[in-house]
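Okay, structure first, notes after.
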Amino acid sequence: VTARHSSGVVPLDAVASAALLARTIEAARAPDAVVVFDLDSTLLDNRPRQARIMREYGAAHGVAALAGGRAEHWNGWDSRVAMRNAGLDGDGIERHHARFRDYWTERFFTSAYCVDDDPIAGAVAFVAAVEAAGALIAYVTGRHEPMRAGTVACLVRHGMPAPGQRVRLLMKPTLEEHDDAYKARTYRALDALGRVVAAFDNEPTHINGYRTSFPDAVVVHLATDHSLRGVAVIADIPSVVDFAAYRPG
Ligand SMILES: [Mg+2]
């Protein structure tokens, strides 16, 4: 009933997704429960941030097509695809994409820009339900510490739980540390917070790591996008496209 996702995974349909998400809320009621969420492409959609950077590049360089860029032009991480979708021709893409890449790198990993992200469908209601169930929420992200202020501002802007007594935001100390190494050592830090009962991540490498580190947890892959490294999601890990199927019980 659902199309095969580009990563090779087949996401659950709405009925099965709703059941899985409801089961997660039940698990979140356990004493000492910790529920782990990745941010980018799990709870938050980065496309508004991508589009803003492209618009500003277009305005700064007099490229009208890019100055009119919108979030829906982004489909994955290849800026050439977004440029084409925004209406730039092949010569224009050739002329601009390397320069845009540098412009993008200076802005994408910053607080000033990450505040623009939007929630993945249904994420706000689902995270609220996890909080209401009493679990400690751990946002575990590959974002680095200088992005903390913008990340918190974005969460607050969308009415999502902000870091505090029952909500933690675990970030990489530096941009340079590889996300895989960071997440691997974070699995151990999570043990100190309580018992991990559920984890959500869009990166196959990371969700596989949660499955291995927390075999009793509900571990869910987000079939949004991923880093295209050709890593397969472990076969028994379910995938959902977003959180829109969740209905409070
Ligand atoms: Mg992610």
Original post:
Over all distinct alpha-carbon pairs, what is the Kirkwood Rh of the stretch 1-92 in angstrom?
Top reply: 16.3 Å
**OP:** Go through 123-129, 169-175 and give me the packing order, highest mean Cβ count within 10 Å leading.
**Re:** 123-129, 169-175
**OP:** Give me the angle, in degrees from 0 to 90, between the Cα long axis of helix 47-61 and the longest principal axis of the Cα atoms of the chain, rounded to the nearest 10.
**Re:** 20 degrees
**OP:** Can you work out the accessible area per residue across the chain, with the rest of the protein chains kept in place, probe 1.4 Å, in square angstrom?
**Re:** 45 Å²
Subject >> Two-decimal ratio, the chain, of alpha-carbon radius of gyration to 2.2 N^0.38 Å >> reply: 1.03
Original post:
When the accessible area of the stretch 90-243 is computed with all protein chains present and a 1.4 Å probe, what percentage of it is carbon and sulfur?
Top reply: 56 percent
Subject >> For Arg143, distant residues with modelled amide H under 5 Å away >> reply: Lys172
**OP:** Quick one: net charge around Ala22, please, counting Lys, Arg +1 and Asp, Glu -1 for every other residue with C-beta under 15 Å from its C-beta.
**Re:** +1
**OP:** Would you mind classifying the stretch 136-207 by shape? Square roots of the alpha carbon gyration tensor eigenvalues, ordered a ≥ b ≥ c; an a/c under 1.5 is rounded, otherwise it is prolate if a/b is larger than b/c and oblate if not.
**Re:** oblate
Subject >> Cα lying deepest toward the dipole's positive end in the chain, options Ala67, Val124, Ile53, charges on Cβ >> reply: Val124
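The values are calculated or read from the model by the stated rules, or taken from the named source; none is laboratory data. Predicted, not measured: the structure shown is a model, and the values here were computed from it. Every residue, glycine as well, gets a Cβ built from its backbone with ideal geometry; the counts of neighbours run over all protein chains shown. When the accessible area is computed, the model is the full protein with side chains, heavy atoms only, and any ligands, DNA or RNA have been set aside. Shrake-Rupley method; radii C 1.70, N 1.55, O 1.52, S 1.80 Å.
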